[in-house]
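The values are calculated or read from the model by the stated rules, or taken from the named source; none is laboratory data. Note that this is a predicted model, so its numbers are computed, not measured. Here the Cβ positions follow ideal geometry from the backbone for every residue, glycine too, while neighbour counts run over all protein chains shown.
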Amino acid sequence: MKEHSRKIAVVGAGSVGATIAYACLLRGVARRIAMFDVDEAKVQAQALDLNHGLQFVSPAIVEGSKDPAVCAGADVIIMTAGAKQKPGQSRMELASVNAGICRQLVPMLLRVAPEALWLMVSNPVDVLTFAALKISGLPRRRVLGSGTVLDSSRFRYLIAQRCSVAVASVHGYIVGEHGDSEVPLWSTASIGNIPLSEWAVSGHGRLTVRDRAEIFTGVKTSAEQIIRGKGATSFAIGLSAASILDAVFEDANAVLPVSSLLENFHGLSDVCLSMPSIVNRAGVEPPLDVPMNAAEEAGLANSAATVKGAIRALGLA
C-alpha cells in the first residue's frame, strides 16, 4: 500500500456509501476519496457536497463518476452498491440481487485497482464477502466484510444503557452472521474487566436473564427500527466502516469482528463469518480463538449453516 496515496474507492453513492465517505473525511482516513455509481447525477452531487466541506477537514481530494476508472489505483475498495433492505425484509432476501451486482462489478474494478483490499458492506455481507473472494480469486486476507463490527457496537451501547456506564467501558462481541443467526458472546462480555455474570454495582444494576434477552433482541432489530423510521441505516455503519479503514491505513493491528473466510476454525470452513480478527495494512488475519461456551459454539455452527445455505443457493459453493 502506497502511504502517499491513501486512496479509497466507494462503490455506490447511496446513503451508506456517502456516509462512509463523509466519516472518512471527518477522521482523515484517506487523502483521496473516489465515489463510483451508475447514477451520474447522484454521484457527482454527493462528491460536490463533500468537496464543499473540505475547508473544515484534513486535506483531501473527492471525486465522483459513473466511470469505474475513477477507482484506479485505490488502496481499498468499499462495496456498498446493491438493493436496500426494506422494512420487514431480512438481509438474506437481498442475496440474489446483490450477488449479481458483485458478479458484474468485481471483475471490472479488479482491472482498474488490482492491488486493492476489498471491504464489503452490502448485505448480506457474509454471503457477499464469500462471493467477492470467489469471483476475484484474491487471497483471503485481502477481502473482508464489515461483519458484526456495527452489531458489536450496538451490543455494547445497549449494555451500557442498562448499566449506566460509558460505552467505551463495555467489552463484548457479536459473532457469526451479520443477521438473524448472529451470536452474542455473553460468556466473555465485561465492564471494566468485571465479567457481566459478576457485575453487580450499586446504582448500576445487574443484568437479569430478561435483560440479556431484551438487549440481544434490541441488537437484532436495531436496523429494522431505523429503516422503519428513516428508510436506511447510515451514520453508525459509516463510522464503523471508517474505523475498519483506519485500522488498515494506520497498520493498527486492531482487533475487530470483521467477516472473513474461515478455514478449519472450530471445524468450520468455506464460509465467511465474523469473529474477532486482527486488521492491518495487509488486510485481515485468521480469526482469534476467543473462548466460547457450548451454547455459543452451537450458535456459531448454526450461523455457518445459515450462511452456507445462502451460498449454495446462489451457486457459489
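Collect the residues in segment 239-260 that are in contact with a Pro (Cβ under 9 Å, 6 or more places away or on another chain) and crowded, with 22+ Cβ neighbours inside 10 Å, keeping them in residue-number order. Give the steps one after another, and end with the answer.
Looking only at segment 239-260, we keep the residues that are in contact with a Pro (Cβ under 9 Å, 6 or more places away or on another chain), and these are 255-258, 260.
Selection gives Leu256, Pro257, Val258, Ser260.
Check Asp37 against each of (1) over 19 Å from the mean Cα position of the chain (by Cα); (2) at pLDDT below 95; (3) acidic (Asp, Glu) and name the one condition it does not meet. Unmet for Asp37, out of (1) over 19 Å from the mean Cα position of the chain (by Cα); (2) at pLDDT below 95; (3) acidic (Asp, Glu): (2). Only one of Ser96, Ser136, Ser153, Ser122 is under 24 Å from Ala305 (Cα atoms), in contact (Cβ under 8 Å) with a residue 60 or more places away in the chain, surrounded by 17 or more Cβ atoms within 10 Å (Cβ to Cβ) and among the polar types (S, T, N, Q); which? Ser122 is the lone residue from the list that is under 24 Å from Ala305 (Cα atoms), in contact (Cβ under 8 Å) with a residue 60 or more places away in the chain, surrounded by 17 or more Cβ atoms within 10 Å (Cβ to Cβ) and among the polar types (S, T, N, Q).
Could you please find all residues in segment 271-296 being among the acidic types (Asp, Glu) and assigned to a loop (DSSP other than H, G, I, E, B)? Even if it seems obvious, please write down each step before you answer.
Here is the first cut: in segment 271-296, the ones among the acidic types (Asp, Glu) are 285, 289, 296.
Passing the criteria: Glu285, Asp289.
Remark: pairs (first residue in segment 51-65, closer than 15 Å to Phe36 by Cα; second residue modelled with pLDDT of 95 or more and assigned to a strand (DSSP E or B); Cβ separation under 6 Å; 6+ apart in sequence or on different chains) = Ile61/Arg32; Val62/Ile33; Glu63/Ala34; Gly64/Met35.
Of a type in the set (Val, Ile, Thr) and in a helix (DSSP H, G or I): does that describe Ile227?
On the way: of a type in the set (Val, Ile, Thr): yes; in a helix (DSSP H, G or I): yes.
The answer is yes for Ile227.
Within segment 209-254, the set of residues being free of Cβ contacts under 8 Å to residues at least 40 places away in the same chain and within 13 Å of Val149 (Cα to Cα) comprises Ala247, Ala254.
For segment 130-152, the criterion of a residue being under 15 Å from the mean Cα position of the chain (by Cα) and at pLDDT below 95 is satisfied by no position. Residues that are assigned to a loop (DSSP other than H, G, I, E, B) and under 24 Å from the mean Cα position of the chain (by Cα) within segment 174-197 comprise Glu177, His178, Gly179, Asp180, Ser181, Glu182, Leu185, Ala189, listed in sequence order.
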